[in-house]
1. Against the condition within 16 Å of P153 (Cα to Cα), modelled with pLDDT of 90 or more and out of contact with any Cys (no Cβ under 6 Å at 6 or more places or on another chain), how does C187 come out, does it pass?
2. Out of region 129-165, which residues are assigned to a helix (DSSP H, G or I) and either among the aliphatic types (A, V, I, L, M) or in contact with a Lys or Arg (Cβ under 7 Å, 6 or more places away or on another chain) (or both)?
3. Filter region 250-276 down to the residues that are in a loop (DSSP other than H, G, I, E, B) and touching a Phe, Trp or Tyr at 6+ places or on another chain (Cβ under 6 Å), then identify the one that is surrounded by the most Cβ atoms within 10 Å (Cβ to Cβ).
4. What number of residues within region 78-109 are modelled with pLDDT of 80 or more, under 30 Å from V165 (Cβ atoms) and not in a strand (DSSP E or B)?
Amino acid sequence: MSLDLSALAPGLRLAQPWALLMLALLPAWLWLLHRRMDADGGWHLPAVAWVGALPASPRQRLAWLPNALRSAVLVLLIIALARPQLGRETQKVRQKGVDIMLAVDVSLSMLARDIQPNRVEAAKTAVRQFLRKSQTDRVGLVVFGGRAFTLCPLTTDHAVVSDLVERCRVHMVDAQGTAVGDALGVCLNRLATPEEGTESRTHSRVVVLLTDGESNAGLISPSEAAEAAKRAGVRVHCVGVGSLAGAPVPVIMDDGREGFMTNEDQSLYVTRMEEGELRDVARATGGEYYRATDAEGLDRIYQRIARLEKSEFEVTNAVRQEERFAQVLMLAALVLLAELLLRATWLRVEV
């Protein structure tokens with residue numbers, strides 16, 4: 001729980017305001033100092049009747065100053081403990097961009113090598129290049145196999161998204177199959193939920209779905225998800241990865257050697273790109289379907305998507321809170337040094 005002190009200074013806040021409760025000890029501290037001064041004899045002069053008529057010297061008038069400085073040190077230490085922070089002034093700027101959720105298939109069939117080095121690695125390379133061309137867009141990342149989950153919500157920090165894309169692996173989703181509909185559903189939920197620190201949204205919201213098209217798992221069918229996207233005004237661009245002829249899926253055998261996935265009758269399993277549902281999803285939402293049969297074609301597709309018409313939206317820059325307790329501690333040290341110098345020199349009490 002923090003305490004906003006912007007009324008005193010723009011952007012000023014206390015990260016640990018409970019520390020100010022220690023100021024209640026200040027009266028007791030002042031009483032102890034007063035007792036100590038009396039015990040030390042203060043500035044009492046010999047008991048001569050005529051001395052009382054003499055005017056007080058500057059040293060006598062300022063006898064209270066060292067104790068006041070030491071009390072100020074205590075107050076400054078308490079303020080430092082409360083962790084004062086100063087935030088940079090927030091600025092609202094208008095940019096042109098699109099909210100884009102990238103949905104990347106990491107199911108087992110994406111290991112097929114009809115695109116070199118394989119489907120999933122070619123897709124990752126194209127996505128990273130796409131991110132470099134979409135600097136004013138907010139981008140999020142969903143990965144899916146037999147189920148779908150958000151790897152990164154919408155953000156303008158494309159370096160983070162790119163790093164997460166690099167870490168994508170086929171076996172990171174334990175459920176078998178390809179849940180295209182579920183992936184679209186997760187993307188729609190992310191596009192419908194305002195992100196923290198965002199006051200207004202872009203009018204263009206897009207899902208870029210990259211898969212080999214074999215939807216055979218999940219709770220939501222691709223057609224149901226497409227209908228939901230249409231109602232929400234979200235365009236879905238589908239990218240079909242792989243060849244129509246198909247390719248076998250490499251697997252590691254029990255003996256450690258590489259083999260290929262087989263059917264129940266031990267015949268070679270071949271995964272083929274299924275375009276039908278992907279075309280239907282794109283058409284239903286006003287998006288486009290692209291076929292990527294090689295890595296270069298996949299990159300060209302993402303370049304085309306990156307050139308989508310941008311919509312203007314308002315962005316509020318995040319407030320960066322900078323710690324100021326070190327400066328308060330430095331001031332406390334200077335006040336303490338001044339108090340010690342006064343006690344050792346001009347206001348030294350002679351015993």
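The values are calculated or read from the model by the stated rules, or taken from the named source; none is laboratory data. Only a predicted model underlies this, so the values are computations on that prediction, with no experimental measurement involved. Using ideal geometry, Cβ is built from the backbone for each residue, glycine included, and neighbour counts are taken over all protein chains shown.
1. When the stated conditions are applied, C187 passes them.
2. Those that are assigned to a helix (DSSP H, G or I) and either among the aliphatic types (A, V, I, L, M) or in contact with a Lys or Arg (Cβ under 7 Å, 6 or more places away or on another chain) (or both): L131, A159, V160, V161, S162, L164, V165.
3. Looking at the filtered set, the residue picked out is M261.
4. Qualifying residue count, region 78-109: 4.
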